[in-house]
1. To the nearest Å, what is the center-to-center distance of the range B:120-187 and the range A:129-205, using C-alpha atoms only?
2. Let's see if you can work this out: charge +1 on each Lys and Arg Cβ, -1 on each Asp and Glu Cβ, no other charges. What is the dipole magnitude of the range A:149-233 about its Cα centre, in debye to the nearest 20?
3. Determine the shape class of the range A:214-273: with a ≥ b ≥ c the square roots of the Cα gyration tensor eigenvalues, call it rounded for a/c under 1.5, and otherwise prolate if a/b is greater than b/c, oblate otherwise.
4. Can you tell me, using C-alpha contacts under 8 Å and at least 6 residues apart, the relative contact order of the range B:137-198 as a whole percent?
5. Estimate the FRET efficiency between residue B:58 and residue B:278 by the formula 1/(1 + (r/R0)^6), using the beta-carbon distance for r and 30 Å for R0, to the nearest 0.05.
6. Taking loop as defined by DSSP and a crowding limit of 15 other beta carbons within 10 Å, which chymotrypsin sites (Phe, Trp or Tyr not before Pro) in the range B:106-162 fit?
7. For residue A:86, what residues show an amide H to amide H distance below 5 Å, using hydrogens built from the backbone and excluding near sequence neighbours?
8. Counting pairs of alpha carbon atoms under 8 Å apart in space and at least six apart in sequence, what relative contact order in percent does chain A give?
Amino acid sequence: MSNTVLNTEHIPEGGAVGPLNSGWRLALREFTSNKLAVAGVAILVFFLLFSFLGPFVYHGDYLVANLSATNDPPGAGHPLGTDTEGFDVLAELMKGGQASLEIGFLSAVIAITVGALWGAISGLTGGLLDSAMMRVVDVLLSIPFLFIVLIVAVKYGATVLSLSLILGMFTWLVPARLVRGEVLTLKVRDFVLAARCAGSGRWRLINRHLLPNALSVIIVNVTFNIADAILAVSYLGFLGFGLHYPNFDWGDLVNNGTEYLSDGYWWLVYPVGFCIVATVMACNFVGDALRDALDVRLRRR
Amino acid sequence: MAAYLIRRCGTSVIVLIGISIFVFGLLHIVYPSPARVVLGPRASLLAISQWNAQHGFAGSVFRQYWDYVDGVLHGNFGYSFKLNQSVTSLFAGRWMLSAYLSGVSLALSVIIAIPLGIYQAVKRNSVGDQIVTTVTFTAYAMPDFLLYLIAIQVFALTFKVFSTQASSSTNILVVMGDWKDMTLPIVCMTMLILAGNSRYMRSSAIDTLAQDYIKAARAKGLPERLVLFRHLMRNACLPMITLVGLSIPALLAGNLIAEEVFNYNGLGLLFYNSLQDEDYPVLLAYTLVGAVLTVLGNLIADIALCVADPRIRLT
């Protein structure tokens with residue numbers, strides 16, 4: 001507090017004590033007071049509506065080639081132009097966004113479910129099992145993520161579900177470490193001891209007491225995981241080893257447009273690039289803000 | 001210290017064994033035997049089983065794993081039947097090119113990140129700090145290939161200053177002299193690494209700036225330049241050691257994308273081409289090398305931090 005001038009606006013009127021707020025309400029207030037966080041949520045909502053409701057409003061063709069209208073620059077009829085097969089770029093952005101967002105969310109959910117359970121079991125049990133489970137995490141974390149995902153995707157990846165599974169299988173490691181750390185500090189607290197005395201089994205302890213209290217760590221990690229997964233799937237698509245036709249994501253669109261950059265067909269690359277950057281950035285904004293809002297130690301007093 | 005070193009190396013060895021099991025297991029699942037590739041699609045089952053027996057693909061899984069580890073320890077990373085060449089010889093011609101691109105970019109990014117982080121900490125929340133933060137945050141959210149494409153568009157297609165492709169030579173000395181072709185890949189990779197590192201450097205410098213010894217240095221009348229260079233910089237740099245050690249997986253991934261976009265003849269492009277050929281011995285050999293480098297990077301960073309920071313006392 002370097003500013004010594006008292007800011008009278010924020011001092012409550014004498015006597016009146018505000019209603020008791022739960023931790024979540026406080027966190028929500030903290031979150032909504034962060035402009036970047038609100039902007040991030042707005043961008044994410046926009047892209048969700050754009051990808052999933054957009055096709056109902058805007059009908060563009062991305063399935064039947066139209067060779068009389070290839071590589072048209074943005075203009076009437078095609079707000080973002082057409083590509084080399086005469087497909088409408090705006091409609092492709094919507095369709096590609098569906099796949100990118102679906103894979104992002106799905107793989108993050110898979111990663112966090114596996115990671116939270118792994119970390120909770122490891123942290124609660126301790127001892128030899130804990131060491132063994134954490135060495136497994138160490139080993140998988142040492143293997144370069146993009147390499148292994150590409151190799152498995154070449155062999156088994158083709159659909160939204162399989163790619164989400166592949167990405168989820170190699171991104172649960174960091175959440176597992178974080179949840180384990182959280183569980184290690186929680187399991188020595190009195191309420192866990194009380195639950196144990198009341199006869200809670202291991203499974204009930206994890207489900208009812210440990211994971212709900214580690215929820216803030218989990219939620220923050222989900223948002224970053226979504227951002228990373230959207231980026232990762234765009235890499236797969238860009239390198240040409242992502243979804244198989246007729247499914248495609250934003251990365252595939254960049255891949256298709258790259259070779260025409262020297263012809264000046266900028267609308268094949270930059271609009272979709274903007275979509276990727278904006279979505280990932282929005283997720284990062286939301287993640288940063290959630291971390292600030294949920295971590296009591298970082299909260300402004 | 002010695003006990004810590006021994007224990008730290010011990011866990012690394014356990015992780016390395018785990019990596020070898022994982023990589024071998026994956027290779028065994030996706031690519032049990034190259035017999036089909038070698039003998040062709042019309043080979044009889046008898047011919048295939050004979051070939052497998054002759055080339056050591058028929059024994060028990062444990063036997064095959066042991067042979068694999070034995071080969072790796074003797075520098076034999078497998079054989080690419082698609083390219084009809086040993087993986088070792090494929091790597092030998094290329095690793096220096098990749099090491100040059102990644103190494104120069106990493107070194108440049110560290111050289112820039114340190115003064116930049118100190119500047120941002122000293123001028124915290126100024127316009128300059130906010131501009132740098134915005135740029136790095138955007139670059140952090142940007143897929144690597146997009147930055148490369150923008151750079152190619154601006155500097156190679158619009159203003160024809162640099163080339164759209166990296167040097168195609170396989171001679172490292174020629175590549176090093178080819179600044180017109182190598183500037184774009186190196187500068188872009190530097191920016192992307194910087195985007196990941198600079199905020200850590202900034203927050204480390206901010207934390208250090210709040211320490212009492214900085215206050216003491218200022219109070220005794222030391223010129224600000226000396227406070228920053230002698231007291232702030234040397235302490236604020238410590239997290240960079242860990243960060244560089246941890247950056248190897250990201251470096252390998254960035255290198256892969258850069259070599260694909262700029263058509264640079266290193267290990268990343270080899271990996272990309274092998275993906276298209278589904279040449280699993282090459283793919284998994286590079287994965288193994290990358291994983292070993294990651295473990296070594298962590299280990300060396302931990303040891304280097306102990307050496308650099310005498311406050312760390314480990315038992």
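1. So the two Cα centres are separated by 36 Å.
2. Working: 9 positive and 3 negative charges, 79 e Å.
Here the range A:149-233 has a charge dipole of around 380 debye.
3. Details: a/c = 4.01, a/b = 2.32, b/c = 1.73.
Prolate.
4. Values: 46 pairs, mean separation 23.7, N = 62.
It rounds to 38 percent for the range B:137-198.
5. Details: r = 22 Å, r/R0 = 0.74.
With R0 = 30 Å, the Cβ-Cβ based efficiency is 0.85.
6. Working: sites: B:119, B:137, B:140, B:145, B:148, B:155, B:159, B:162; in loops: B:159, B:162.
Passing both the DSSP loop test and the Cβ count: B:159.
7. A:66, A:71
8. Working: 401 pairs, mean separation 73.3, N = 301.
After rounding, I find 24 percent.
Laboratory data are not the source of any read-out in this text; all were calculated from the coordinates shown. Predicted model, so just to flag it, every value in this text is computed and none were measured. With ideal geometry, Cβ positions are generated from the backbone for all residues, glycine too; neighbour counts draw on all protein chains shown.
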